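Novice: Quick one: the structure is below, and I'll ask about it shortly.
The values are calculated or read from the model by the stated rules, or taken from the named source; none is laboratory data. Computed from a predicted structure; not experimentally measured. Glycine also receives a Cβ, built like all others from the backbone with ideal geometry; neighbour counts cover every protein chain displayed.
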Amino acid sequence: MALDAGTGLRQLGNQLLREGRPSPVHLLLSHTHWDHVLGLPFFGPLWGKENHIFVYPLANEAQERFQRNIFDDIHFPVSVNDIPARMEFVRPDAPTWRIGSATVSRIMLNHPGGAQGFRIDDDGGTSLAYITDNELRAGKALVTVEELARFADDVDVLIHDSQYLMSDMPHKHGWGHSVVDDVLNLGVLAEPKQLVLFHHDPDRDDDALDAIGKRSQNWILEHAKGTQVVVASEGLALDVTGK
Ligand SMILES: [Zn+2]
Ligand SMILES: [Zn+2]
């Protein structure tokens with residue numbers, strides 16, 4: 001199972017090919033903004049005709065967007081119809097469905113153009129929630145902080161959009177991303193074992209992210225003792241141990 005198709009998808013594809021298990025792949029897409037789909041053309045399993053890739057999109061028009069915006073002759077030399085792998089667009093009717101040993105749930109998020117978050121509960125007892133792109137303090141909220149806290153309640157890993165600082169507000173209000181302080185408050189309500197700050201502002205350098213991580217960890221120690229803050233970075237591997 002893969003969450004979104006950013007540039008990290010290339011490394012994942014290479015790893016799956018090395019391990020001899022490139023299929024089936026279940027790709028859960030939060031939405032089709034470029035930073036969430038640009039890795040797809042460079043995903044190794046796409047280029048093997050025996051592979052089967054299930055894509056769980058938000059909307060029916062996702063397939064058309066793929067054709068128009070990624071696999072067209074302006075942006076990539078191979079058209080969507082000439083991709084060797086079988087790419088199947090799935091749009092579950094129910095808010096919850098099964099993939100292998102896991103139950104997957106989704107929730108609509110506060111983001112311009114729409115986005116969906118996912119929760120994955122494995123039968124073995126491990127759980128993860130992936131919530132991006134999402135603005136926790138949105139003016140007209142599709143989903144509230146309390147609803148998201150219930151959705152992600154008690155997961156092992158909660159990955160949440162944490163792009164902004166209070167100093168970015170109010171200028172970036174309505175842009176569809178969250179302030180770190182609001183994510184920490186969500187962490188206190190949901191009490192994940194690991195709270196992963198994700199979707200950093202592209203202008204933030206490593207020192208700035210280290211400072212955010214340190215400040216967040218200190219704060220969360222006082223408010224949710226069982227939660228550890230992790231600042232996401234490229235190639236990061238997390239151990240999900242379960243209950
Ligand atoms: Zn987006
Ligand atoms: Zn994004």
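Novice: Which condition number does N110 fail, the rest of (1) touching a Gly at 6+ places or on another chain (Cβ under 6 Å); (2) closer than 24 Å to S162 by Cβ being met?
Specialist: If we test N110 against (1) touching a Gly at 6+ places or on another chain (Cβ under 6 Å); (2) closer than 24 Å to S162 by Cβ, just (1) comes out false.
Novice: Same structure, new question: Go through region 127-143 and report how many residues are more than 13 Å from ligand 1 (Cβ to nearest atom), of a type in the set (D, E, K, R) and modelled with pLDDT of 95 or more.
Specialist: Residues in region 127-143 being more than 13 Å from ligand 1 (Cβ to nearest atom), of a type in the set (D, E, K, R) and modelled with pLDDT of 95 or more: 0 in total.
Novice: Still on this structure, please answer the following. Every residue in region 114-137 that is within 16 Å of ligand 2 (Cβ to nearest atom) and either outside any loop (DSSP other than H, G, I, E, B) or charged (D, E, K, R) (or both), please.
Specialist: Listed by number, the residues that qualify are Q116, G117, F118, Y130, I131, D133, E135.
Novice: Answer yes if at least one residue in region 85-97 is assigned to a strand (DSSP E or B), touching a Leu at 6+ places or on another chain (Cβ under 6 Å) and of a type in the set (F, W, Y), and no otherwise.
Specialist: No: zero hits.
Novice: Within region 189-216, how many residues turn out to be among the aliphatic types (A, V, I, L, M) and part of a loop (DSSP other than H, G, I, E, B)?
Specialist: So the count comes out to 0.
Novice: Is it true that T132 is crowded, with 18+ Cβ neighbours inside 10 Å, more than 23 Å from A115 (Cβ to Cβ) and among the polar types (S, T, N, Q)?
Specialist: no
Novice: Still on this structure, I have one more. Kindly establish whether M169 is out of contact with any Asp or Glu (no Cβ under 7 Å at 6 or more places or on another chain), within 16 Å of ligand 1 (Cβ to nearest atom) and either within 23 Å of L236 (Cβ to Cβ) or not small (G, A, S) (or both).
Specialist: Taking the combined requirement at face value, the residue does not satisfy it.
Novice: Right, here's the next one. If D207 passes every condition in (1) more than 20 Å from G117 (Cα to Cα); (2) in contact with a helix residue (DSSP H, G or I) (Cβ under 8 Å, 6 or more places away or on another chain) but one, which one does it miss?
Specialist: Evaluating D207 over (1) more than 20 Å from G117 (Cα to Cα); (2) in contact with a helix residue (DSSP H, G or I) (Cβ under 8 Å, 6 or more places away or on another chain) leaves (2) as the failure.
Residue-wise test of (1) basic (K, R); (2) within 20 Å of the chain's Cα centre (by Cα).
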{"site": "F151", "(1), (2)": "no, yes"}
{"site": "L158", "(1), (2)": "no, yes"}
{"site": "S167", "(1), (2)": "no, no"}
{"site": "A190", "(1), (2)": "no, yes"}
{"site": "L195", "(1), (2)": "no, yes"}
{"site": "K225", "(1), (2)": "yes, no"}
{"site": "V230", "(1), (2)": "no, yes"}
{"site": "L238", "(1), (2)": "no, yes"}
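Rundown of residues vs (1) within 16 Å of ligand 1 (Cβ to nearest atom); (2) of a type outside the set (F, W, Y); (3) touching a Gly at 6+ places or on another chain (Cβ under 6 Å); (4) in contact (Cβ under 8 Å) with a residue 60 or more places away in the chain, yes/no style:
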site: R10; (1), (2), (3), (4): no, yes, yes, no
site: P41; (1), (2), (3), (4): no, yes, no, no
site: H52; (1), (2), (3), (4): no, yes, no, no
site: R68; (1), (2), (3), (4): no, yes, no, no
site: F89; (1), (2), (3), (4): no, no, no, no
site: D93; (1), (2), (3), (4): no, yes, no, no
site: W97; (1), (2), (3), (4): no, no, no, no
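Novice: Kindly provide the set of residues from region 187-206 that are among the small types (G, A, S) and without any contact (Cβ under 8 Å) to a residue 60 or more places away in the chain, ordered by number.
Specialist: Hit for region 187-206 is G187, nothing else.
Novice: Another one. Name the residues in region 104-128 that are small (G, A, S) and under 18 Å from A94 (Cβ atoms), would you?
Specialist: Hits for region 104-128 are S105, G117.
Novice: Output the residues belonging to region 217-242 that are of a type in the set (S, T, Y) and either at pLDDT below 90 or outside any loop (DSSP other than H, G, I, E, B) (or both).
Specialist: The answer is T241, and nothing else.
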